[in-house]
1. Here are the criteria: (1) outside any strand (DSSP E or B); (2) in contact with a helix residue (DSSP H, G or I) (Cβ under 9 Å, 6 or more places away or on another chain). Tell me which single one Val52 does not satisfy.
2. Taking only segment 79-108 into account, find how many residues are modelled with pLDDT of 95 or more, out of contact with any helix residue (DSSP H, G or I) (no Cβ under 8 Å at 6 or more places or on another chain) and surrounded by fewer than 16 Cβ atoms within 10 Å (Cβ to Cβ).
3. Go through segment 100-137 and report how many residues are in a loop (DSSP other than H, G, I, E, B) and within 16 Å of ligand 1 (Cβ to nearest atom).
4. Residue check: is Phe169 surrounded by 14 or more Cβ atoms within 10 Å (Cβ to Cβ), in contact with a Phe, Trp or Tyr (Cβ under 7 Å, 6 or more places away or on another chain), at pLDDT 95 or above and among the aromatic types (Phe, Trp, Tyr)?
5. If I ask for residues that are on the phi > 0 side of the Ramachandran plot and either away from ligand 1 (no atom under 14 Å from the Cβ) or charged (D, E, K, R) (or both), which ones from segment 2-58 would you list?
6. Of (1) under 19 Å from Cys36 (Cα atoms); (2) crowded, with 22+ Cβ neighbours inside 10 Å; (3) of a type outside the set (Lys, Arg), Ala111 satisfies all except one. Which?
7. Tell me which residues, restricted to segment 1-59, are within 16 Å of ligand 2 (Cβ to nearest atom) and closer than 22 Å to Arg168 by Cβ.
8. In the set Gly76, Gly67, which member is small (Gly, Ala, Ser) and within 12 Å of ligand 1 (Cβ to nearest atom)?
Amino acid sequence: PRTIALVVAAGSGSRMGQDLPKQYLTLGGKAVLRHCLDTFHRHPRIAGVRVVINPACRDLYDAAAAGLDIMTPVAGGRSRQESVRLGLGSLVEAAPDYVLIHDAARPFIDADTIDRTIDTLSHHAGALVVVPVVDTLKRGTERQGALFSGATIDRAGLFRAQTPQGFRFGAILAAHKAASTGLEMTDDAAVAEAAGLDVALVTGHEDNFKITNPADLARAERLMSEQME
Ligand code: CTP
Ligand code: MG
């Protein structure tokens, strides 16, 4: 099956609090975005890579993707969901069998996880990379302005969603079109579930975390230097 990686990189990185959006910050000598682009580009089962960007950041994108033979970027939207929808729409002509939607802010995606995601799509319409929840979960309750431990939530059967989130292309395109006027959803599996698609869970890796806050960038730097040793 022809598989295209759709990398969403049109966010502003507001929680990171830096001048540049986090996907353009430098990590281990190259842009955060470049790490996943290189991994997808050199993967033998990935036929193409398309990035969704904020057009105002075109120069940053060109520098980050310099010398890499990938598709021309397309403009994203105000929310992640809108950026994905616009990215999917841009792939109609290319008409891949599968699309793997990935956050630019996850530089540590590995080839084996990509393989497991693609393999899963031969049996299911969707494939969601997850890791199990290991912490004990508490619901906070507020009393007199302070926060107290309320209920303890059973973590058994709970997972944290990562990306890539892989889908059969026609199915996710239709699901995103149907979701376009509804609530904003933070991941594509939610969009797929709302359309009644069957989304199978794929075992991911703890290292494939999303860089969200400054502490995540420090963790990424540590992991990168360990991997380069
Ligand atoms: N994203 C996007 N278009 C948007 C919002 C987000 O393409 N309008 C992308 C981001 O670039 C990122 C991924 O979706 O790769 C995950 O989103 P998130 O971690 O929330 O990134 P930001 O929205 O950039 O960060 P923040 O929420 O802190 O502003
Ligand atoms: Mg965001």
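1. (1)
2. Final tally of qualifying residues: 2.
3. Narrowing segment 100-137 to residues in a loop (DSSP other than H, G, I, E, B): 104-110, 121-125, 133-136.
Right, trim to within 16 Å of ligand 1 (Cβ to nearest atom) and you get 104-109.
Number of matching residues: 6.
4. Numbers: surrounded by 14 or more Cβ atoms within 10 Å (Cβ to Cβ): yes; in contact with a Phe, Trp or Tyr (Cβ under 7 Å, 6 or more places away or on another chain): yes; at pLDDT 95 or above: yes; among the aromatic types (Phe, Trp, Tyr): yes.
Taking the combined requirement at face value, the residue satisfies it.
5. Initial filter on segment 2-58 (on the phi > 0 side of the Ramachandran plot): 13, 17, 28-29.
Those that are on the phi > 0 side of the Ramachandran plot and either away from ligand 1 (no atom under 14 Å from the Cβ) or charged (D, E, K, R) (or both): Gly28, Gly29.
6. If we test Ala111 against (1) under 19 Å from Cys36 (Cα atoms); (2) crowded, with 22+ Cβ neighbours inside 10 Å; (3) of a type outside the set (Lys, Arg), just (2) comes out false.
7. Pass one, segment 1-59, residues within 16 Å of ligand 2 (Cβ to nearest atom): 7-18, 20-25, 32-33, 52-54, 57.
Residues satisfying the conditions are Val7, Val8, Val52.
8. Checking each option against the conditions leaves just Gly76.
The values are calculated or read from the model by the stated rules, or taken from the named source; none is laboratory data. What you are looking at is a predicted structure, and each value in this text was computed from that prediction instead of being measured. Here Cβ is always computed from backbone atoms with ideal geometry, including for glycine, and neighbour counts include all displayed protein chains.
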